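Participant: I am attaching a structure below and will ask some questions about it afterwards.
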Amino acid sequence: TMMRELSGLNSLEEQVKKRLGVEKVIIVSGDSDESPWVKSELGRASATCMKGMLEGENIIAVTGGTTMAAVAEMLTPELGKDILFVPARGGIGEDVKNQANTICAKMAEKAQAKHRVLYVPDQVSNEMYQTIVKEPLIHEVLTLIKSANIVLHGIGDAITMAKRRKTSASDLEKIREKKAVSEAFGYYFNEDGEIVHKVHTIGLQLKDIADVEHVIAVAGGASKAKAIRSYMKQDRQNTILITDEGAAKELLIK
Ligand code: F6P
């Protein structure tokens with residue numbers, strides 16, 4: 001629209017897209033670090049973006065976090081009918097309100113769509129893990145997750161995330177030592193976008209993301225610019241980034 005052109009958001013989107021090498025960038029005005037309502041705007045933009053992608057039957061896999069929770073709040077039944085929300089991965093240590101399962105249920109409630117949950121313990125032995133994935137109900141949900149045509153995820157600052165989760169002292173040390181900068185899907189990445197640590201859990205793995213039709217990353221706030229840059233360092237050509245002006249401007253510095 002005219003307003004977006006006048007405010008320069010369109011040109012900012014082009015610059016950030018070029019810089020990160022992603023499929024598309026959508027920027028909302030403001031900085032979610034400073035004004036909480038900007039997170040809701042990220043949510044609104046995500047809902048609009050998703051609406052434009054829906055075709056036939058849709059399985060949307062989502063991660064956790066406060067940004068995803070804000071997206072959930074902005075969904076309406078207008079989004080479409082044939083949607084099933086599933087959590088992208090099993091537990092990765094978030095509080096209940098920030099968990100993918102909780103957000104999935106909220107999204108389905110707001111959109112009047114369906115959802116499935118995946119309850120797996122956070123820390124299990126390999127033996128237990130092999131048993132769990134063979135449980136018929138779990139297996140069924142995992143199959144649905146692996147066939148998601150849309151993945152909606154957050155990106156966080158590595159240390160912030162490691163602290164927010166109940167990360168063990170030894171893992172926290174490893175994350176620090178290996179200079180992790182960003183976190184997404186339970187993976188921690190360094191400045192070059194290389195994986196330096198991973199939370200062991202079932203569901204979508206990073207390598208699966210490359211084959212998903214639509215991937216939407218939602219992350220804003222100037223404080224997340226470093227993390228966004230790190231996560232986007234590797235090939236994220238099928239990713240649409242929805243962010244805010246605060247993060248975008250910071251991303252273009254250096
Ligand atoms: O823990 C789930 C998760 O999506 C992480 O992968 C991500 O780093 C984080 O939440 C983002 O959280 P927030 O939106 O609260 O910054």
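Participant: Within the range 172-195, does at least one residue satisfy the condition of being among the polar types (S, T, N, Q), at pLDDT below 95 and assigned to a loop (DSSP other than H, G, I, E, B)?
Facilitator: no
Participant: Going by the structure shown, is residue 59 away from the ligand (no atom under 12 Å from the Cβ), in contact (Cβ under 8 Å) with a residue 24 or more places away in the chain and closer than 23 Å to residue 187 by Cβ?
Facilitator: Values: away from the ligand (no atom under 12 Å from the Cβ): yes; in contact (Cβ under 8 Å) with a residue 24 or more places away in the chain: yes; closer than 23 Å to residue 187 by Cβ: yes.
Spelling it out, residue 59 is indeed away from the ligand (no atom under 12 Å from the Cβ), in contact (Cβ under 8 Å) with a residue 24 or more places away in the chain and closer than 23 Å to residue 187 by Cβ.
Participant: What's the total number of residues in the range 234-249 that are in contact with a helix residue (DSSP H, G or I) (Cβ under 6 Å, 6 or more places away or on another chain) and within 16 Å of the ligand (Cβ to nearest atom)?
Facilitator: 4
Participant: Inspect all residues belonging to the range 179-191 and state whether any of them is more than 13 Å from the ligand (Cβ to nearest atom), more than 27 Å from residue 85 (Cα to Cα) and in contact with a Ser or Thr (Cβ under 6 Å, 6 or more places away or on another chain).
Facilitator: Applying the first criterion (more than 13 Å from the ligand (Cβ to nearest atom)) to the range 179-191 yields 179, 190-191.
Those left that are additionally more than 27 Å from residue 85 (Cα to Cα): 179, 190-191.
Of the ones still in play, those that are also in contact with a Ser or Thr (Cβ under 6 Å, 6 or more places away or on another chain) are 191.
Among the residues of the range 179-191, at least one is more than 13 Å from the ligand (Cβ to nearest atom), more than 27 Å from residue 85 (Cα to Cα) and in contact with a Ser or Thr (Cβ under 6 Å, 6 or more places away or on another chain), which makes the answer yes.
Participant: Return the total of residues in the range 97-121 being open to solvent by 10 Å² or more (accessible area, probe 1.4 Å), at negative phi and away from the ligand (no atom under 12 Å from the Cβ).
Facilitator: Count: 12.
Participant: Also, I was wondering about something else. If residue 253 satisfies all but one of (1) within 16 Å of the ligand (Cβ to nearest atom); (2) open to solvent by 10 Å² or more (accessible area, probe 1.4 Å), what's the number of the condition it fails?
Facilitator: In the conditions (1) within 16 Å of the ligand (Cβ to nearest atom); (2) open to solvent by 10 Å² or more (accessible area, probe 1.4 Å), residue 253 misses (1) alone.
Participant: Picking from 203, 220, which residue would you name as being at pLDDT below 95, in contact with a strand residue (DSSP E or B) (Cβ under 6 Å, 6 or more places away or on another chain) and within 15 Å of the ligand (Cβ to nearest atom)?
Facilitator: The match here is 203.
Participant: Can I ask one more? Cβ-Cβ distance below 6 Å, separation of 6 or more or different chains: which pairs start in the range 112-134 with a residue that is at pLDDT 90 or above and end on one that is surrounded by fewer than 12 Cβ atoms within 10 Å (Cβ to Cβ) and of a type outside the set (Phe, Trp, Tyr)?
Facilitator: Here the result reads 112/77, each pair linking the range 112-134 to a residue that is surrounded by fewer than 12 Cβ atoms within 10 Å (Cβ to Cβ) and of a type outside the set (Phe, Trp, Tyr).
Participant: Taking only the range 38-56 into account, find how many residues are touching a strand residue (DSSP E or B) at 6+ places or on another chain (Cβ under 6 Å) and outside any helix (DSSP H, G or I).
Facilitator: Going through the range 38-56 one residue at a time, the tally reaches 1.
Participant: Here is a further query. Residue pairs, Cβ under 9 Å, 6 or more apart or interchain, first in the range 148-165 and near the ligand (Cβ under 7 Å from one of its atoms), second of a type in the set (Ser, Thr, Tyr) and part of a loop (DSSP other than H, G, I, E, B). List them.
Facilitator: 153/63; 154/63; 161/167
Participant: Shifting gears a bit: Given the condition aliphatic (A, V, I, L, M), out of contact with any Lys or Arg (no Cβ under 8 Å at 6 or more places or on another chain) and surrounded by 15 or more Cβ atoms within 10 Å (Cβ to Cβ), answer yes or no: does some residue in the range 163-173 qualify?
Facilitator: Looking through the range 163-173, none of the residues is aliphatic (A, V, I, L, M), out of contact with any Lys or Arg (no Cβ under 8 Å at 6 or more places or on another chain) and surrounded by 15 or more Cβ atoms within 10 Å (Cβ to Cβ).
Participant: Which members of the range 201-233 meet the condition of being part of a loop (DSSP other than H, G, I, E, B) and in contact with a helix residue (DSSP H, G or I) (Cβ under 8 Å, 6 or more places away or on another chain)?
Facilitator: 202, 204, 219, 220, 221, 232 - these are the residues of the range 201-233 that are part of a loop (DSSP other than H, G, I, E, B) and in contact with a helix residue (DSSP H, G or I) (Cβ under 8 Å, 6 or more places away or on another chain).
The values are calculated or read from the model by the stated rules, or taken from the named source; none is laboratory data. Everything numeric in this text was worked out from a predicted model, so none of it was measured. Counting neighbours? That spans all protein chains shown, and the Cβs are built from the backbone with ideal geometry, glycine included. These area figures cover heavy atoms from the full protein model, side chains too; ligands, DNA and RNA do not enter into them. Shrake-Rupley method; radii C 1.70, N 1.55, O 1.52, S 1.80 Å.
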